[in-house]
Amino acid sequence: MPERTYRVVQVAEPGAPLTVVDLPIHEPGPGHVRVAVQACGVCHTDTNFVDGTQPGLTFPITPGHEVAGVIDAVGRDVHPWQVGDRVAIGWSGGYCGYCPPCRGGDFVHCAQQWVTGAAYPGGYAEMITAPRTALARIPGELSAADAAPMACAGVTMFNSIRRTQAGPGDLVAILGLGGLGHLGVQFAAKMGFRTVAIARGAEKAELARTLGAHHYIDATAGSVADELQKLGGAAVVAATAANADAISATVDGLAPHGELLTLAVLADSLHVSPLQLIVSSGTVHGHPGGVARDVEDTMNFAALQGIRPVVEPLPLDRAAEGYDRMQANQARFRVVLTTA
């Protein structure tokens, strides 16, 4: 009987092209399931995998940490997961359950640092094998293409905003209207916040309001901080724009005790003085996306409130094209690789 194989996108070495190859199908081990991938989002942080800067990589690698599909096979000790369950897998590729952070319930900071695509091959493939702790159940209202971006971009926005001190009616600003930002505006508006979208160019105002923003600030037209203060000051600025200057320009727009969330993966330093934070009693902090339970909460809220990502589907064999579109910022708003 011929060996069963599946298609998978591999990067042979740092900076090498994305290539589709066939690999043999293996049965999942204890505590693991095999998922037939239906959709996988192409995220900007995938560049860290392709260029080899993501810690823990062993080449060849398969990127992809916005995965949606159906359980195809189960190993031992994976209760309650069963073949046929629809699941999503995000950046957090599971957790050990026994390290000090896990014993304290802080699973997102598990000492094992299992990242999908680094700890094991990612979702640019027809199959992925993952630990049961990485699995989030997809609600029936979401298609696979809708669910996939929720596993990273969606949970990054929803989980970070819901854990701030902002209350209903407070001013929450979303800086940037890209893959994260277009979801952030929808989440903030549906969570009951007075929502401000901040982006470059007056032409994006209509898009912002379509997504649910109550106000729009054109970052090229003047001081973003002054415009935020005219609106009463922001309880939260969720910064998704990968631009340190643009992020720094929002600090003086915070209300007393306001929070600046740095969500874009960016190595550049921000320009924030102690005096700025002292005057407002403000804080600047980061927030990881979240673990599987957080992804599940994100998808359930999206299903309840009618929140959907704007996706550009491409078949798996065009992964290199989709990756290039993401790198060139030509996609609107999320390229999603499909295996249908």
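The values are calculated or read from the model by the stated rules, or taken from the named source; none is laboratory data. This structure is a prediction, so every number in the text was calculated from the model and none was measured. Every residue, glycine among them, receives a Cβ derived from its backbone with ideal geometry; neighbour counts consider all protein chains shown. These accessible areas exclude ligands, DNA and RNA; they are computed on the full protein's heavy atoms, side chains included. Shrake-Rupley method; radii C 1.70, N 1.55, O 1.52, S 1.80 Å.
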| request: Examine the range 94-116 for a residue that is closer than 27 Å to THR19 by Cβ and either in contact with a Leu (Cβ under 6 Å, 6 or more places away or on another chain) or hydroxyl-bearing (Ser, Thr, Tyr) (or both), and state whether such a residue exists. | output: yes
| note | Note on ALA302: of the conditions (1) within 27 Å of MET127 (Cβ to Cβ); (2) touching a His at 6+ places or on another chain (Cβ under 8 Å); (3) at pLDDT 95 or above, unmet is (2)
| For the range 1-17, how many residues are open to solvent by 30 Å² or more (accessible area, probe 1.4 Å) and either within 26 Å of THR133 (Cα to Cα) or not in a loop (DSSP other than H, G, I, E, B) (or both)? | 4
| said: Suppose we filter the range 274-305 for residues that are farther than 23 Å from THR262 by Cα, open to solvent by 50 Å² or more (accessible area, probe 1.4 Å) and more than 16 Å from the chain's Cα centre (by Cα); how many remain? | reply: 2
| remark: Across the range 153-165, the tally of residues that are in contact with an Asp or Glu (Cβ under 9 Å, 6 or more places away or on another chain) and open to solvent by 20 Å² or more (accessible area, probe 1.4 Å) stands at 2
| field | Failed criterion for LEU314 (all others in (1) closer than 25 Å to ARG162 by Cα; (2) modelled with pLDDT of 95 or more; (3) of a type outside the set (Gly, Ala, Ser) hold) | value | (1)
| Which of the following residues is among the hydrophobic types (A, V, I, L, M, F, W, C) and under 17 Å from the mean Cα position of the chain (by Cα): ALA320, ALA328, ALA239? | ALA239
| task | Can you give me the ranges of the helices (runs of 4 or more DSSP H) entirely in the range 186-274 with at least 2 residues that are at pLDDT 95 or above and among the polar types (S, T, N, Q)? | result | none
